[in-house]
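The values are calculated or read from the model by the stated rules, or taken from the named source; none is laboratory data. Here the structure is a predicted model, which is why all the values come from computation and not from measurement. Ideal geometry is used to build each Cβ from the backbone, glycine not excepted, and the neighbour counts take in all protein chains shown. The accessibility values were calculated without ligands, DNA or RNA, using every heavy atom of the protein model including side chains. Shrake-Rupley method; radii C 1.70, N 1.55, O 1.52, S 1.80 Å.
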Amino acid sequence: MSTTSTAAPTLTRVLAQGKFETLAMLKNGEQLMLNIAFPIMGLLALAFTGFLDPWANRYGVSRVDIAVPGVLALCVLSTALSGQGIATGFDRRYGVLRFISTTPLGKGGLIAGKVLAVLSVLLIQYLLVGALGQLLGWTATVPGVLMSLPTLFLGAACFTSLGLLIAGTVRAEATLAIVNMAWVLLATAGGILIPTDRYPTWLSPVIDLLPSAALGNALRGDYIYHSFLLLPHLILLVATVLFAALATRFFKWSA
């Protein structure tokens, strides 16, 4: 009787890894706070205060209409940059990446599984933020939703690449510090939650060049104007190619 076993098909392996990565992110308390609780708290804070009123009055929309695209952009930042960056950094430190890369899953399958996990968590965030936004008065339109999907996918690719670049080149503790600091800075002043048109004149064009501001601006264009804003999408695309190329070149599978 033969005891030889064969590896599962590639797609099955990737889906299994994606399911494992997704559950690992959702079961981790810190990740749950970062990916779910903080964006929800942010949306509630922006909806029940007058902080966004100057922008809402200027654009002729409600404050929730300004808040929801920004919070969805924050979800991408939380999951793709902070979530995957921290998880990958500590997986690399404990030798998990080196071990898995020698299995039939391989390096490509591992990365595909991580991308699948980011998209799965992002879908959950999208549904939660969208549902809460509806309760707060946000009206999702079909064109806005359809236009936002490729923008969110591009943003996820951009910040996942950046997260893997950081996690694959510095120690796990440094990754933790860098991505958490980046999350705070980009969420508060990186053009994600609020448009930059009320920033100082000299500062606004600089912030708009950041991938964070580009993602926020692109989503606000999708939802509020139903308009494809070329420059923010172009910035995101260039940043994605750059971060992915650097991650491919410098990522180290073992610490």
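When segment 59-84 is limited to residues that are of a type in the set (Ser, Thr, Tyr) and under 21 Å from Gly155 (Cβ atoms), the one that is surrounded by the most Cβ atoms within 10 Å (Cβ to Cβ) turns out to be Thr79.
Is it true that Gly163 is under 15 Å from Leu34 (Cβ atoms), in contact (Cβ under 8 Å) with a residue 12 or more places away in the chain and in contact with a Gly (Cβ under 7 Å, 6 or more places away or on another chain)?
Values: under 15 Å from Leu34 (Cβ atoms): yes; in contact (Cβ under 8 Å) with a residue 12 or more places away in the chain: yes; in contact with a Gly (Cβ under 7 Å, 6 or more places away or on another chain): yes.
Spelling it out, Gly163 is indeed under 15 Å from Leu34 (Cβ atoms), in contact (Cβ under 8 Å) with a residue 12 or more places away in the chain and in contact with a Gly (Cβ under 7 Å, 6 or more places away or on another chain).
Count of segment 118-133 residues, restricted to those that are surrounded by fewer than 18 Cβ atoms within 10 Å (Cβ to Cβ) and either acidic (Asp, Glu) or over 14 Å from the mean Cα position of the chain (by Cα) (or both), is 4. Do we find that Gln31 is open to solvent by 10 Å² or more (accessible area, probe 1.4 Å) and within 23 Å of Leu186 (Cα to Cα) in this structure? Criteria met by Gln31. Considering Pro205, Pro211, Pro232, Pro200, the condition of being within 26 Å of Phe51 (Cα to Cα), touching a Cys at 6+ places or on another chain (Cβ under 8 Å) and either at pLDDT 95 or above or open to solvent by 40 Å² or more (accessible area, probe 1.4 Å) (or both) is satisfied by Pro211 alone. Of the candidates Leu52, Leu74, Leu44, the single residue that is under 26 Å from Leu162 (Cβ atoms) and modelled with pLDDT of 85 or more is Leu74.
In segment 29-66, how many are among the acidic types (Asp, Glu) and under 25 Å from the mean Cα position of the chain (by Cα)? Write out each step before concluding.
Start the filter on segment 29-66 by keeping residues that are among the acidic types (Asp, Glu), which leaves 30, 53, 65.
Then drop every residue that is not under 25 Å from the mean Cα position of the chain (by Cα), which leaves 30, 65.
Number satisfying all stated conditions: 2.
Listed here are the residues, each with its yes/no results for (1) open to solvent by 20 Å² or more (accessible area, probe 1.4 Å); (2) closer than 30 Å to Pro104 by Cα; (3) touching a strand residue (DSSP E or B) at 6+ places or on another chain (Cβ under 9 Å).
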| site | (1), (2), (3) |
| --- | --- |
| Leu11 | yes, yes, no |
| Leu26 | yes, yes, no |
| Pro39 | no, no, no |
| Phe51 | yes, no, no |
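Within segment 85-116, being buried (at least 17 other Cβ atoms within 10 Å of the Cβ), closer than 15 Å to Ala8 by Cβ and over 21 Å from the mean Cα position of the chain (by Cα) holds for Ile100, Leu105.
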